[in-house]
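Only the coordinates and a few stated rules stand behind these numbers; no lab work does. Owing to the predicted nature of the structure, the values given are computational and were not obtained by experimental measurement. Note that we place each Cβ from the backbone using ideal geometry, even for glycine, and neighbour counts take in every protein chain shown.
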Amino acid sequence: MKQFFKTAIAAVVMLAAPLGAASASALDSISEAGVLKVAVPQDFPPFGSVGTDMQPKGYDIDMAALIAEELGVKLELVPVTSSNRIPYLNTGKVDLVISSLGKNPDREKVIDFSDPYAPFYNGVFGPADFSVEKAADLAGMSVGVTRGAIEDLELTKIAPSDVDIKRYEDNNGTISAFLSGQVDLIATGNVTAAAIIERDPPRKPEPKFLIKNSPCYVGLNKDEPELMAKVNEIIAASIADGRLNAIAEKWLGIPLPEKL
Amino acid sequence: MAYKFDFGAIVPHWQLLFDGVILTTELTVIGAVVGVGLGIMGAWARASRAPVISQIVGVYVELIRNTPFLVQLFFIFFGLPALGVKLTEFQAAVLAMIVNLGAYSTEIIRAGIQAIPQGQIEAAQSLAMNRVQIFRYVVILPALKKIWPALSSQIVIVMLGSSVCSQIAAEELTFGANYIQALNFRAFEVYFVVTGLYLVMSILLRMGLKVLGNFLFERRRHV
C-alpha cells in the first residue's frame with residue numbers, strides 16, 4: 001500500500017512537472033504569445049475611460065502601453081471593473097492588472113504588487129502663493145473640505161486648532177468655495193485636483209502636503225518573480241528617464257511626487 | 001421594527017448641536033430685525049408711489065420673491081467674490097436672509113398699509129400732523145398690527161429656511177446635524193433630535209413674536 005502511494009505521488013509529480021515548467025514563468029508565456037493582456041479601468045477617469053473615438057484612454061492605458069512596448073509585445077487591453085479586476089488576474093484572463101489598484105493586506109493575500117507607478121493620495125492643495133509644507137503651516141488659514149470625507153476626518157486630527165476648516169456638503173461646494181476664493185486651500189484627492197486643473201481655473205490647486213497616501217500598483221499573480229522584476233525595472237527606468245512623469249503631467253496635471 | 005435607535009450616539013456631539021442652535025438664533029434675530037426694517041422702508045416706498053424708488057423696490061421684490069433662496073445664497077457667497085465682494089459664510093447667510101425677508105415683508109407690510117382707510121389719514125391731516133407723524137402713528141403701527149400674524153409666519157419661514165445655509169458651511173443647526181450624521185452614520189436619530197429642536201425653536205419664536213405684538217400694539221390702544 002505504502003508503495004502504491006509512493007508510486008502514485010511520483011506519477012503525479014512527473015505529470016505535473018512539465019505543466020509547472022510551462023506556467024512557471026508568466027514572462028516567458030507573454031513573450032511566446034507576443035501579447036500582453038492588461039486589465040484596465042474604463043469608468044475611472046483620468047486613469048481609464050472611453051474617449052469620444054470609443055478607444056480607451058488614460059493614465060493606466062498609457063502605462064500598459066509603456067510596459068508592452070518595453071517587453072516588445074503587442075498590447076491587449078481588457079476593460080474591467082473595480083470588483084472583477086483581481087478575479088480576471090487570478091483566472092489567467094489577464095497578465096497584469098493596471099487599474100488604479102491600491103495595496104491592502106487582503107489583496108496581498110491573493111496577488112502580488114509591483115512598485116508604485118501612479119500617485120493616488122488625499123492632500124492639501126492650493127495656489128502657489130501659499131507656502132505650506134505640513135499641517136502646522138496651516139495656522140490661520142482656511143481650508144475647504146467635503147464634510148465627513150476621509151480628508152475631513154484626517155485633517156481635523158492633524159491641523160492646528162486655529163485652522164479654519166470649512167465643511168461643504170459635496171465636492172462641488174468644496175471646489176466652488178476654493179475657486180471663488182472663499183477658502184485659501186482645499187483638501188481633496190489628487191484626482192479631484194487634476195480634474196480642477198484640467199478646466200484651467202483662475203486659482204490652481206497645487207499640491208502642498210499629503211494627508212493619506214495610497215499610490216497605485218501593478219497587480220501580478222503570486223510567485224512570478226521574473227515578471228515582477230521586469231515590471232519593476234520598467235517602472236524604475238520610466239521614472240528615471242521622465243516618461244512616467246510625462247504621463248502624470250498629461251493625465252493628472254501635476255508632476256510625479258518625489259517619492260511615490 | 002428592525003431599526004434600533006441609539007440616541008446615545010449623539011451625546012458626544014452635543015456641542016455641535018448647541019453651537020448650531022446659537023448660530024441659527026443669531027441668524028434669525030439679525031435677519032428678522034434688519035429684514036423687517038428693510039420691509040418697512042420698502043413698503044413705504046411702494047405705498048408712497050414715489051416714481052423711481054417705488055419701481056426699484058418693485059424690481060427688488062419681484063426678483064427675490066421669484067427666485068429660490070438657495071440660489072440667492074449661492075449668488076451672494078460664490079458669485080459676489082468674482083466682483084470683488086468677499087463675505088464670510090456668516091455675513092453671506094445673514095445678508096441672504098435680510099434680502100429675502102426684506103422682499104417678502106415689503107409685500108406683507110404694503111398690504112397692511114393699503115388696508116388703512118383713506119379717511120383715517122385725512123383725519124390725521126386735519127389734525128395738522130406732519131407726514132412722519134402720520135406714517136408712524138396712523139399708518140405703520142395699525143398696518144403692522146393688521147399683518148402681524150402673517151409677518152410672524154414669514155419670520156418663522158425664514159428661520160427654518162436658514163437650514164440651507166449649511167450649504168455654504170455656515171455652521172448652523174442643520175450643518176451640525178449633517179456633520180454628526182457624517183461622523184456616526186446615525187442619520188435617523190440625529191434628524192429626529194434636530195426636527196424636535198427646530199419645532200421647539202419655532203414655537204418659542206412664535207410665542208415671542210406674539211408677546212412682542214401685544215407689547216407693540218395692545219398697550220397703545222388706550223394711549
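A few remarks follow.
- Computed over Cα pairs, the Kirkwood radius of the range B:17-146 leads via Stokes-Einstein (0.890 mPa s, 25 °C) to a diffusion coefficient of 151 µm² per second.
- Near A:Leu75, the amide H atoms lying under 5 Å from its own belong to A:Leu36; only residues 5 or more places off or on other chains count, and H is placed 1.01 Å from N.
- Chain A - Kirkwood radius from inverse mean 1/r over Cα pairs (Å): 20.5 Å
- Sequence-distant residues sharing a close amide H with A:Ala39 (under 5 Å, placed H): A:Val78, A:Asp95, A:Leu96, A:Val97, A:Ile98
- Computing FRET efficiency as 1/(1 + (r/R0)^6) for A:Asp53 and A:Arg199, where r is the C-beta to C-beta distance and R0 is 22 Å, gives about 0.55.
- Label-point separation, A:Ala33 to A:Ala237 (7 Å along Cα→Cβ), nm: 2.2 nm
- Across chain B, the mean sequence separation of Cα contacts (distance under 8 Å, 6 or more residues apart), normalised by length, yields a relative contact order of 30 percent.
- When only the Cβ of Lys, Arg, Asp and Glu is charged (+1, +1, -1, -1), the dipole of the range A:121-213 relative to its Cα centre reaches about 120 debye.
- Distance (nanometres) between label positions extended 7 Å along Cα→Cβ at B:Asn214 and A:Ser131: 6.5 nm
- Under 5 Å between amide hydrogens, built in the peptide plane, is the criterion, and for A:Met141 it picks out A:Asp164 among residues at least 5 positions away or on other chains.
- In this label model, B:Met207 and B:Ala123 are separated by 3.7 nm, measuring between points 7 Å along each Cα→Cβ vector.
- Per-residue 3J(HN,Hα) values for the range A:129-145, derived from phi via the Karplus relation 6.51 cos²θ - 1.76 cosθ + 1.60 with θ = phi - 60°, read 6, 9, 8, 10, 10, 8, 4, 5, 5, 6, 3, x, 9, 10, 10, x, 9 Hz in sequence order (x marks Gly and Pro).
- Couplings 3J(HN,Hα) of the range B:92-98, computed from phi: 5, 5, 4, 4, 4, 5, 5 Hz, in residue order, whole Hz [Karplus 6.51 cos²θ - 1.76 cosθ + 1.60, θ = phi - 60°; x for Gly and Pro].
- For the range A:121-213: rounded, prolate or oblate by the Cα gyration tensor [a/c cutoff 1.5]: rounded
- Cα-only Debye scattering, the protein assembly as shown: base-10 log of I(q)/I(0) at q = 0.08 Å⁻¹: -0.70
- Phi-based couplings in Hz for the range A:28-45 (Karplus 6.51, -1.76, 1.60; Gly and Pro marked x): 4, 5, 5, 4, 4, 6, x, 9, 10, 9, 10, 7, 10, x, 10, 10, 9, x
- Along each principal axis, Cα extent of the range A:85-158, largest first, Å: 54, 25, 17
- Take every Cα pair under 8 Å whose residues are at least 6 apart in sequence, average their separation, divide by the length of chain A, and the relative contact order is 24 percent.
- Compactness index (Cα Rg / 2.2 N^0.38 Å), the range B:51-107: 1.18
- Cβ-based charge dipole, chain B, positive-most Cα from B:Ile147, B:Val194, B:Ala169: B:Ile147
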